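The values are calculated or read from the model by the stated rules, or taken from the named source; none is laboratory data. Keep in mind that this is a model prediction, so the values were computed, not measured. All Cβ positions, even for glycine, are placed from backbone atoms using ideal geometry, and neighbour counts span all protein chains on display. Surface areas here come from the heavy atoms of the whole protein model, side chains and all, with no ligands, DNA or RNA. Shrake-Rupley method; radii C 1.70, N 1.55, O 1.52, S 1.80 Å.
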Amino acid sequence: MAENPSVAVIGGGLAGLATALALGSAGYPVTVYEARPFLGGRATSYPVTDAGGDAVTIDNCQHILLRCCTNLIDFYQRLGVSDRIHFYREFYWIEPGGRMSVMKRGRLPAPLHFTGSFTTLRFLSPADKIGVASGLLAVKYEYGKRADLDRITMADWLREKKQTPRAVERFWRQVLVSAVNEDLDRMAAAHGLQVFYLGFLANSQSYEMGVPSVPLASLYSAEVWARYEYVKFAYRSAVQQIQIENGHVHSATTSDSPIKANAYVLAVPFERVSTLAPELPLDLSAFSHSPITGIHLWFDRSVTDLPHATLLDRTIQWMYNKQDGRHLQLVVSASRTLTEMPRGEVIEMALKELSEFFPKIAQAKLERAHVVKEIRATFSAVPGLEAKRPPQTTAFSNLFLAGDWTRTGWPATMEGAVRSGYLAAEAVLKRFGTQQKFLLPDVG
Ligand SMILES: Cc1cc2nc3c(=O)[nH]c(=O)nc-3n(C[C@H](O)[C@H](O)[C@H](O)COP(=O)(O)OP(=O)(O)OC[C@H]3O[C@@H](n4cnc5c(N)ncnc54)[C@H](O)[C@@H]3O)c2cc1C
C-alpha cells in the first residue's frame, strides 16, 4: 500500500501536538519539529533549581480547563491521559479576612443549577445578586445572537446591563480576567459572554474545573506518544525559514538540516510567523500580548486545606494547592502591574496578601519561592480581533497554520490551541482529497 503524504509540523505546543495526533491517527506520517528539548510550549513544566534546595519540577504556570473544553478533553482521551486531570465541582471564593463562600451545582437543571449556592454567596449583597442573575439571563439570550459583541468591550456590556460595582469587581471580573487573560475594559464582550454561556449556562457539568494532577509535560511524554506510530519528534530543532517557490512550500530548514515534506503546518506563536514565512500575506498588526504571572511558594508547614480558591479584592486572583498545603501556586492574569516589579517585591506582595486569606501563613516559614513572568502569555482578546484571526489554510497550497491565535472562535486557551490543531489537520487532509472531521462541537 502506498504511504500517505508526509507532514512537517513546526512547533510542539498543544496546537502542533493536536495536529500531529489527528494526522497520525489518520495514518499520515508526521514529524513535529520543536525548538526546545521538551513539548507543551506555553503549557509545560520543567525543573527549577534557583528556588533554593533540590531541583523541583514546576508548571510554567498552573493550567486549568473547564468541562466545556470538549476538544482538549478529547485530546487528553486520545493520548490516554484523561485520568490525570482531576475535576472539581466546588469553587471557593474568599474575601480578605478569610470569609469563604462556595459555589457548586445543586439539583435544579441548567441554567438554574447554581441557584441554591448562588443565593448563599456572602461576598455579594442581594442587590448585587439580582443584577448578576439578570446579567446571566442576558448572556443566555444574547450570546451567539447579538451582532456587535465583538465591537464592544465586556466593561461596556456590563455598564449597559447596569451591574453594581461590587458585582463587576467580585463576580464578573474575578471569573473573566482569569478565563480570557484580559481586563474587562480591553476584552471583547463576545469572549466574556462565551465564558459564561459555555462554562456556566450551557449544561450543569460544563463549569467543573479540571486541574492536572501531574506536571504538565508528563501529559505529553514520549511514553504517551508510543501508541501513535506515525508521529515522530525532532527536539531542539528550531526551524529557521520556510522556502516558498511558485506558490508552494518547497522545503524548510533547521540550523543543521533541511526538512522535506508534502505539507507543512506552522504551529508557532503569532509573533514568530513573519520571521519563518515572510512571504505569507498576513496582517497581524491587530495582535498584541497580555501577560500572566505565576508565583510558587513553599512553606515549612501546611497553610491551607483547600485544593484551590479565588481570592477577592487583591492582586493575586487564584491559589492552587500543589502539595499538602505547603506548596502553593498563585496566579495573576493580565498582570501588567507586575511586569516591572522586581521578583523579591512580587514575593513580598504575595505573602502579604495571602496572610489576609490564610491566617496560618503568620506562623509558617517560607522555604523557597519562584516567580514566572510570562510577558507573552497570550494574545489580547480585544474588540475587532476576531475578524483578523487567520484561518488554518493560507495563500500557499501546502502550508497551514495552527495556534491558539488562529481562527478558532475561542480566546487563547489550551482548548483554542487544540481546536486550531484539529482544524489544521482537517485542512491538510482535505488538501490530499480526504474528508475527515476531528473538531468536536461546543457543549450545548
Ligand atoms: C502563564 C500561562 C498560563 C496559562 N493558563 C492557562 C489556563 O489555565 N488554561 C488554558 O486553557 N490556557 C492557559 N494558557 C494559555 C495556553 O497555554 C496557550 O493558549 C496554549 O498552550 C498555546 O498553545 P500553542 O500550541 O498555540 O502555542 P505554544 O504553546 O506557544 O507552542 C508553540 C511551540 O512552537 C515552538 N516554536 C517556536 N518557534 C519555533 C521554531 N522556529 N521552530 C520549532 N519550534 C518553534 C515553541 O517552542 C512552542 O513549543 C496559559 C498560558 C500561559 C503562558
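What order do you get for 308-317, 6-15 when each peptide is scored by the mean count of other beta carbon atoms within 10 Å, highest first? Working shown, then result.
Numbers: 308-317: 19.4, 6-15: 27.5.
Final packing ranking: 6-15, 308-317.
Taking the stretch 1-124 on its own, what percent of its Cα-Cα pair distances exceed 19 Å?
68
Provide the packing ranking of 126-135, 253-262, i.e. peptides ordered by the mean count of other C-beta atoms within 10 Å per residue, highest first. List each step's numbers first, then the result.
Details: 126-135: 16.1, 253-262: 13.5.
Final packing ranking: 126-135, 253-262.
In Å and on Cα atoms, what radius of gyration and Dmax does the stretch 222-315 show?
When restricted to the Cα atoms of the stretch 222-315, Rg and Dmax are 21.4, 64 Å.
How much net charge surrounds Leu124 when only other residues with a Cβ under 14 Å from its Cβ are counted (Lys, Arg +1; Asp, Glu -1)? The partial results should precede the final answer.
Numbers: positive: Arg99, Arg122, Lys129, Arg166, Arg170, Arg173; negative: Glu95, Asp128, Glu169, Asp313.
Combined, the nearby Lys, Arg, Asp and Glu give +2.
Just the accessible area per residue of the chain, please: how many Å² with a 1.4 Å probe? Don't skip to the answer; put the middle values down first.
Details: 18550 Å² over 444 residues.
Result: 42 Å² of accessible area for each residue.
In the stretch 1-94, which trypsin sites (Lys or Arg not before Pro) are in a loop and have at most 14 other Cβ atoms within 10 Å, using DSSP for the loop call? Don't skip to the end; give the middle numbers.
Numbers: sites: Arg42, Arg67, Arg78, Arg84, Arg89; in loops: Arg42, Arg67, Arg89.
Those that pass, being in a loop and sparsely packed, are Arg89.
Run through every distinct alpha carbon pair of the stretch 163-233 and return the Kirkwood hydrodynamic radius in angstroms, one decimal place.
Working: mean 1/r = 0.0658 Å⁻¹.
Across the stretch 163-233, the inverse of the average 1/r is 15.2 Å.
Add +1 for every Lys or Arg and -1 for every Asp or Glu among the other residues with Cβ under 10 Å from the Cβ of Phe91, and state the total. It would help to have the intermediate numbers written out before the result.
Details: positive: Arg89, Lys104; negative: Glu90, Glu208.
Net charge in that neighbourhood comes out at 0.
Stick to the Cα atoms of the stretch 124-266, pair each with every other, and give me the Kirkwood hydrodynamic radius in Å at one decimal.
Details: mean 1/r = 0.0517 Å⁻¹.
After inverting the mean inverse Cα-Cα distance, the result is 19.3 Å.
I'd like the carbon and sulfur percentage of the solvent accessible area for the chain, probe radius 1.4 Å, heavy atoms only, ligands and nucleic acids excluded. Before the final figure, lay out each step's value.
Values: 9620 of 18550 Å².
Carbon and sulfur: 52 percent of the exposed surface of the chain.
Tell me which of Val195, Pro258, Phe118 sits at the most positive position along the dipole axis of the chain, charges placed on C-beta atoms (Lys, Arg +1; Asp, Glu -1).
Positive-most Cα among the choices belongs to Phe118.
Kirkwood-based Rg over Rh for the chain (C-alpha set), two decimals? All intermediate terms of the calculation are to be shown ahead of the outcome.
Values: Rg = 22.2 Å, Rh = 22.8 Å.
Result: Rg/Rh = 0.97.
If you keep only loop residues by DSSP, which trypsin sites (Lys or Arg not before Pro) in the stretch 152-235 have at most 11 other Cβ atoms within 10 Å of their Cβ?
On the way: sites: Arg159, Lys161, Lys162, Arg166, Arg170, Arg173, Arg186, Arg227, Lys232; in loops: Lys161, Lys162, Arg186, Arg227.
Of the trypsin sites (Lys or Arg not before Pro), the ones in loops of the stretch 152-235 whose Cβ has at most 11 other Cβ atoms within 10 Å are Lys162.
To the nearest 0.05, how large is the calculated FRET efficiency for Arg368 and Asp305 if R₀ is 25 Å and r is the Cβ-Cβ distance?
With R0 = 25 Å, the Cβ-Cβ based efficiency is 0.70.
Which net charge results for the neighbourhood of Gly40, defined as the other residues with beta-carbon distances under 11 angstrom from its beta-carbon, given Lys and Arg at +1 and Asp and Glu at -1?
Numbers: positive: Arg36, Arg42; negative: Glu34, Asp59.
Its environment carries a net charge of 0.
Loop only per DSSP, at most 12 neighbouring Cβ atoms within 10 Å: give me the GluC sites (Glu not before Pro) in the stretch 335-431, ordered by residue number. Working shown, then result.
On the way: sites: Glu340, Glu345, Glu348, Glu353, Glu356, Glu367, Glu374, Glu386, Glu415, Glu426; in loops: Glu340.
Loop-located and lightly packed - Glu340.
So what is Rg over Rh here for the stretch 200-240, counting just Cα atoms and using Kirkwood for Rh?
Numbers: Rg = 16.7 Å, Rh = 13.9 Å.
Using only Cα positions, Rg/Rh for the stretch 200-240 is 1.20.
What list of whole percents do you get for P(r) of the stretch 257-303, with Cα-Cα distances grouped in 10 Å bins up to the one holding the largest distance?
Answer for the stretch 257-303: a P(r) of 16, 33, 18, 15, 12, 6 percent.
Given Cα pairs under 8 Å that are at least 6 residues apart, what percent is the relative contact order of the stretch 359-408? Don't jump to the answer; show the numbers that get you there.
Values: 21 pairs, mean separation 13.3, N = 50.
Result for the stretch 359-408 is 27 percent.
For the stretch 242-375, build the charge dipole from Cβ charges (+1 Lys, Arg; -1 Asp, Glu) around the Cα centre, then report which of Met341, Ser290, Leu311 sits farthest towards its positive end.
Final value for the positive-end residue is Leu311.
Given the C-alpha atoms of the stretch 376-444, compute the convex hull and give its volume per residue in Å³. List each step's numbers first, then the result.
Values: hull volume 6.9 nm³, N = 69.
Once divided by residue count, the hull of the stretch 376-444 is 100 Å³.
Normalised radius of gyration for the stretch 281-426, please: alpha carbon Rg relative to 2.2 N^0.38 Å, two decimal places. Could you put the intermediate results ahead of the total?
Working: Rg = 19.4 Å, N = 146, 2.2 N^0.38 = 14.6 Å.
For the stretch 281-426, the normalised Cα radius of gyration comes out at 1.32.
Under 8 Å for C-alpha pairs, at least 6 residues apart: give me the relative contact order for the chain, rounded to a whole percent. Mind showing how you got there, number by number?
On the way: 921 pairs, mean separation 109.8, N = 444.
Relative contact order comes out at 25 percent.
Across bins of 10 angstrom width beginning at 0, how are the C-alpha pair distances of the stretch 281-341 distributed, in whole percent?
P(r) for the stretch 281-341, in whole percents per bin: 20, 39, 24, 10, 6, 1.
Using a Debye calculation, one point per C-alpha and no hydration shell, please list log10 I(q)/I(0) for the stretch 218-277 at q = 0.14 Å⁻¹ in order.
For the requested q values the scattering log ratios are -0.51.
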